[in-house]
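Just so it is clear, none of the values below were taken in a lab; they were calculated from the coordinates. Since the model is a prediction, treat every value here as computed from it, not as a measurement. Glycine also receives a Cβ, built like all others from the backbone with ideal geometry; neighbour counts cover every protein chain displayed.
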Amino acid sequence: MRNAVANLVLAALAALLCGFGASAWFTDKREQEFAQWQAYEEVLDTPRDRVRNAIEGIRKDGVHVAPDGRTMVDEADEKRLEKAIAARGVDEVPVRVIVWQETNMGGSYLQTEEQLERALADDEPGVLVIWEGPESGDVMLTGGRDGYPFQFNTSDFVGDPTTALLAGIDQLTVTWHDDDSEFDYWGGTGGGIAAGVMIALGVLLGIGLFFWLVRTLTGGLLKLPGGWR
């Protein structure tokens, strides 16, 4: 019986060592892959000329019309949009507009909107309207705050771009969500206590099963002192 127990212990130790080796190899491989992905993300996060020019334009006067967007909004209409944005009251959400044609080959590929969002994350919370054509583009929040822009979305991107944009700017409102800092994962103090109790019960159950398994395999050799069995 003791030989059987010794063999069982040796097998468990061998399995444990193999597990540690496999875990170390897997961890090292994952760290290498993560480092490669971080390097790749840094490249994607870097705005190219198309995005940099748009950011510079909207920070200057609220409107940026790219060269490929001139067929949709000319210089005179751009001035009209700038005046409409400047005329918004201090109690109204700031609005900025980008007009360009949709493309995945403009240097930033599929990361254009992500780059814009990150670049404007520290700005005053507001709305960025990206017009790319009929029912094409986006209405997104900037400034790192969550919410939902009402009264204007891509389904309104129809007809003359300047007319539609002026109407959208005039009626655009935003409902902001509560600050994320108020979010409680456990749902308050009571939820945290209940979760703690459940976790503790799970740990105790695991310990009990472990000792039961050891005592079963060793034929009761591991017994607690005194009257405990």
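Things to note:
- In nm, spacing of pseudo-spin labels at A76 and R59 (7 Å Cα→C-beta vector): 3.2
- Exposure proxy for L205, L172: other Cβ atoms within 10 Å of each Cβ, ordered fewest to most, give L205, L172.
- Here the simple spin-label model places points 7 Å from the Cα toward Cβ, and for D122 and V197 these points are separated by 4.7 nm.
- Amide H contacts for V65 (H built 1.01 Å from N in the peptide plane; partners 5 or more residues away or on another chain; cut-off under 5 Å): V99.
- Stretching T216 away from E31 to a fully extended chain increases their span by 62.5 nm, per 0.36 nm per residue minus the current alpha-carbon distance.
- Remark: relative contact order (the range 49-181) = 23 percent; criterion is Cα-Cα distance under 8 angstrom and separation of 6 or more residues.
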